[in-house]
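As structure tokens, the structure follows; a few thoughts come after it.
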Amino acid sequence: MSVSDFEQRRKRILELIIEAYVASAAPVGSEYVSKKLRSSLSPATIRNIMVDLEEAGLLEQPHTSAGRVPTDRGYRYYVDAVMDVHHLPQEELRQMAALIEPPELDVEELLERSGEALSQLTQQAAFVVAPTVKQSTMKQVELVPLGVRKILCVMVANEEIVSSSVVEVTEPMTRDEAAALARFMTTELAGLPFGGLLESLERRMLAQSDSFYHLVKRSLDILQHALSTEPEERLLLEGASYVIAQPEFLRDPRKAQELLRGLDAEDVLLQRLRQDAGGEGVRVRIGREVQVPGLDECSYLTASFAIHDEAIGGLGVLGPRRMDYRRMRALVEGMSRCVTDVLSRWERESS
């Protein structure tokens with residue numbers, strides 16, 4: 001038997017064990033593999049290859065008399081070197097797009113629908129790393145007095161991403177004054193990236209002879225406060241109950257508690273997801289690669305969504321390590337394509 005033949009048999013047996021374990025959540029024995037291969041290999045050869053896979057760190061034996069289960073390393077080898085890449089057919093993509101697009105141009109609703117649909121389609125937890133105005137350019141500002149010294153500042157980005165915050169002002173402002181100031185801010189700042197708004201206003205402040213000095217000063221004060229409370233990204237999480245209901249967590253209350261703690265630590269999870277959400281293609285993190293306390297028994301797949309080829313956020317699926325990576329990858333890739341297509345079309349229609 002050549003080295004290539006041995007390697008192909010090795011991959012096939014690992015594939016069969018992983019597929020069986022994903023379906024049953026029970027260790028897989030050589031008898032099952034032998035039946036699936038229909039005696040193309042002798043039972044002794046199958047057992048020897050399973051021992052070889054175990055010695056290579058790709059499988060482990062939970063109990064002496066039990067079958068084998070995949071390790072993190074086994075799943076990683078399967079995803080990188082064994083699993084064939086499956087793409088959703090056009091009809092499924094059209095059905096997915098119909099599930100997510102809201103009746104009006106509303107980015108927030110689009111992303112919420114995307115997370116909900118992805119969770120239902122995968123029967124796992126789904127997440128969206130949603131952009132905020134800080135990642136976009138200014139389109140419009142609205143100011144609404146809420147009291148003597150409180151203003152509601154609403155900032156609208158070019159992708160119709162909206163942010164609102166209550167700002168305390170040092171001088172009272174009437175409704176007409178607020179409307180005039182909002183028009184001034186929109187005229188002066190529209191088209192600028194949010195990261196450059198304060199710098200632009202500060203440069204105007206340096207021009208002491210500027211007849212709009214008072215308007216610039218009030219604008220700067222309001223935006224400094226509004227932007228200081230705006231996060232870089234937000235995490236939308238749907239369907240955590242699907243993960244809790246998986247056998248590995250139902251059987252072990254300790255694992256379930258750790259899972260819930262990991263999901264509750266949204267800042268830590270968001271920081272980790274952010275690192276992968278901006279990359280190309282679908283990224284897969286397995287077990288300890290997730291690097292979030294409490295989620296060692298989980299994996300996630302993530303892909304970005306974009307406008308004009310620029311990634312503005314990400315989405316994906318989080319579930320137990322024992323998941324159908326082939327199907328999950330296709331669904332995550334498909335959803336990222338659908339969200340990108342909708343956002344890009346909205347951008348074209350609004351320009």
Next item on the list: Return the total of residues in region 272-296 being under 11 Å from the mean Cα position of the chain (by Cα) and either assigned to a helix (DSSP H, G or I) or among the acidic types (Asp, Glu) (or both).
Entry: 6
Notebook entry, point to check: Any residue in region 87-99 that is surrounded by fewer than 14 Cβ atoms within 10 Å (Cβ to Cβ), farther than 26 Å from ARG337 by Cβ and either of a type in the set (Asp, Glu) or touching a Phe, Trp or Tyr at 6+ places or on another chain (Cβ under 8 Å) (or both)?
Noted result: no
Check: So which residues in region 292-311 are surrounded by fewer than 24 Cβ atoms within 10 Å (Cβ to Cβ) and either closer than 17 Å to GLN257 by Cα or of a type outside the set (Ser, Thr, Tyr) (or both)?
Finding: VAL292, PRO293, GLY294, ASP296, GLU297, ALA306, ILE307, HIS308, ASP309, GLU310, ALA311
Margin query: Can you say whether ALA330 is under 25 Å from GLN90 (Cβ atoms), assigned to a strand (DSSP E or B) and in contact with a helix residue (DSSP H, G or I) (Cβ under 9 Å, 6 or more places away or on another chain), as far as the supplied structure shows?
Written below: no
Margin query: When you check LEU99 against the structure, is it free of Cβ contacts under 8 Å to residues at least 40 places away in the same chain, in contact with a helix residue (DSSP H, G or I) (Cβ under 7 Å, 6 or more places away or on another chain) and assigned to a helix (DSSP H, G or I), yes or no?
Written below: yes
Note to self: Looking only at region 57-80, filter to residues that are of a type in the set (Gly, Ala, Ser) and at pLDDT 95 or above; which one of those is nearest to the chain's Cα centre (by Cα)?
What the structure shows: GLY74
Notebook entry, point to check: Out of all the residues in region 140-192, which are surrounded by fewer than 18 Cβ atoms within 10 Å (Cβ to Cβ), more than 30 Å from ILE312 (Cβ to Cβ) and not aliphatic (A, V, I, L, M)?
Noted result: GLY147, ARG149, LYS150, GLU168, THR170, GLU171, PRO172, THR174, ARG175, ASP176, GLU177
Check: With respect to ASP341, is the statement that it is without any contact (Cβ under 8 Å) to a residue 40 or more places away in the chain, surrounded by fewer than 21 Cβ atoms within 10 Å (Cβ to Cβ) and either among the charged types (D, E, K, R) or more than 22 Å from ARG272 (Cα to Cα) (or both) true?
Finding: no
Notebook entry, point to check: Of all residues in region 12-52, how many are in a helix (DSSP H, G or I), crowded, with 16+ Cβ neighbours inside 10 Å and of a type in the set (Gly, Ala, Ser)?
Noted result: 3
Check: Mind checking which residues of region 144-163 are assigned to a strand (DSSP E or B) and touching an Asp or Glu at 6+ places or on another chain (Cβ under 9 Å)?
Finding: PRO145, LYS150, ILE151, LEU152, CYS153, VAL154, MET155, VAL156, VAL162, SER163
Check: Residues of region 327-348 being more than 18 Å from SER299 (Cα to Cα) and among the charged types (D, E, K, R), which ones?
Finding: ARG337, ASP341, ARG345, GLU347, ARG348
Margin query: Criterion first (of a type in the set (Val, Ile, Thr), on the phi < 0 side of the Ramachandran plot, loosely packed, with under 15 Cβ neighbours inside 10 Å and outside any strand (DSSP E or B)) does VAL79 satisfy it?
Written below: no
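The values are calculated or read from the model by the stated rules, or taken from the named source; none is laboratory data. Owing to the predicted nature of the structure, the values given are computational and were not obtained by experimental measurement. Ideal geometry is used to build each Cβ from the backbone, glycine not excepted, and the neighbour counts take in all protein chains shown.
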